[in-house]
Amino acid sequence: MDNNNKPCSSNKIIKTSDGCEIVLELSKNDPFFDKKKNLLHSKGFDIREQVQFNRSSCPDAIATILERVLQIARIIHLEEVELYFGKVNGCSLFEYWSPKNEVETLNSVLSLINSYSSCERQNEVNFLQTLQDEVFRRIQEFTDKNKVESRIDKSCSCDKEKCLVKWGESNGVKTSLKIACVEGAGRGAIATKDLKVGDIALEIPVSTIISDEHVHKSDMHHILEKIEGITSETMLLLWSMKERHNCTSKFKIYFDTLPEEFKTGLSFGVDAIMALDGTLLLEEIIQAKEHLRVQYDELVPPLCKNYPDVFLPELYTWEQFLWACELWYSNSMKVMFVDGKLRTCLIPIAGFLNHSLYPHIVHYGKVDSATDTLKFPLARPCCFGEQCYLSYGNFSSSHLITFYGFMPQGDNPCDVIPLDIDVGEADCIEGRPTSSWTSHMVRGTWLSNNHNIFYYGLPSPLLDYLRGARSPSPHTKTIVISFYVHVLCTPCAYFLNWLNFEYISLYPCLTSIFVSLYL
């Protein structure tokens, strides 16, 4: 799971003689600094904006100023896919880029207000209360619009999970969640009380987190560290294959809650494979599984042969290896420890938090140095009895099916197809601006906000590039396009529907590529 670590923010609120000003600044360490800078400029903003408030501002004026702040903050928080698809002719055509972006944006503003209020006398910040109330109102409005009903399957027993929670609490875990079986979703984390924005739904001590520290203390580390190029993730995978059978393991209760068989795409049976015949998802699953098989054959049999006392052959079969891969793909999280190292970990109890396009928790994965715990704060309210969701990251539905075993509810804005377009220097057109995007992508037109003529649901960066590539010169232009497909079950024929025939006819080379893919 993606822990959503982003460049450090220098946003702040500065006290003035008549009130305060909110300072919003785009980090120069942002990987999309130039593109966000251009987008900010197109909307009349600079990379560092100072938005003035004063004590005499009326509620309407504060709401107007807040909208300005949100416009800037939304752009600062954009991810790559949101940035690529989120504008047409430089203008956003919708209220916000994505649900996750909006939650992050609103909470960033709320954090600024809270940080200022906590260090100032109350009579100096009363005028900020209206601003804070408006942010809360918008968060609540977003929550009301995007509630996902969860029905508890009471016929399903969660006794093992209850034992795990008790084990966690005896080891310092603090939680406002219980584990239950949810219809259509397996196990999930349910709020045991009404939780507000900023409440900590779950707090996990570092001592209960499974990290590479346990491999270093094991009898296999001195063997594995000698293998050139082996990663800490692979070491952990091999360690967990053995540890799950260790009756004296500190984490025995955790391993007992794990399924004997995962239901990710990597372990789909014959019926599922037959149903996916002819789809792009099947190709992705096959490629992933072939990669794992090669990794297994190169690594595991030699270990079992040379060190049978440590790597017991009966514990290191292909089936056991695939199980461990599915465990780490579907349950691991990236955690930033106090020493500054980012580690891949298994986090008991937290692994029951399910993914949603409308998450309650968007930022997690950084250990609090003061408490030496990992905290999961709420970015929007979660009511008693409601399932509490987090965001696993910006993954396509096909990726979630292959490595997690589910498809999210709703239209996934990350269902994209990256395009590798190779155009020689000789094909560049003089006098035309060069696109700032060196890579392009498409997705289903049902996710587009512009279906006007000459757009056809395609993203502006790609349209700009194709228009620029249409040279009026007599020489033949060569455009080679490779498709790396990450869209769930999308036959190549769909591409012909995505591009209007009249539009395609302007680019014979593109037409031939699409048709050859289809045939």
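The values are calculated or read from the model by the stated rules, or taken from the named source; none is laboratory data. In this text, all values refer to a predicted model and were calculated from it rather than measured experimentally. Every residue, glycine as well, gets a Cβ built from its backbone with ideal geometry; the counts of neighbours run over all protein chains shown. When the accessible area is computed, the model is the full protein with side chains, heavy atoms only, and any ligands, DNA or RNA have been set aside. Shrake-Rupley method; radii C 1.70, N 1.55, O 1.52, S 1.80 Å.
For the reader, a short list of remarks on this structure follows.
- Taking label points 7 Å from Cα along the Cα-to-Cβ direction, F136 and N54 give a separation of 2.7 nm.
- Nitroxide proxy distance, nm - points 7 Å out along Cα→Cβ at D219 and N246: 1.0
- Across K12/K43; K43/K196; K242/K366; K147/K178; K154/K242, pairs whose alpha-carbon gap is larger than 23 Å: K43/K196; K242/K366; K154/K242
- 3J(HN,Hα) couplings calculated from phi for region 196-206 with the Karplus curve 6.51 cos²θ - 1.76 cosθ + 1.60 (θ = phi - 60°) are, in sequence order, 9, 4, x, 5, 8, 6, 8, 10, 10, x, 4 Hz; Gly and Pro show x.
- Per-residue SASA remark: W318, around 40 Å² accessible (1.4 Å probe; ligands, DNA and RNA not included).
- 5 Å binning of all Cα-Cα separations within region 127-221, expressed as whole percents from 0 upward: 2, 10, 13, 15, 16, 13, 12, 9, 5, 3, 1, 0, 0
- Full-stretch length increase - K147, T317 - with 0.36 nm per residue and alpha-carbon distance subtracted: 56.9 nm
- In this calculation the C-beta distance from K263 to K174 is compared with R0 = 30 Å, giving a FRET efficiency of 0.50.
- At R0 = 25 Å, FRET efficiency that the Cβ-Cβ distance of K226 and V338 yields, to 0.05: 0.30
- Filtered trypsin sites (Lys or Arg not before Pro), region 100-201: DSSP coil and at most 14 other beta carbons within 10 Å: R121, K147, R151, K154, K193, K196
- A simple spin-label model places the labels of K15 and N114 2.2 nm from each other, with each point 7 Å out along Cα-to-Cβ.
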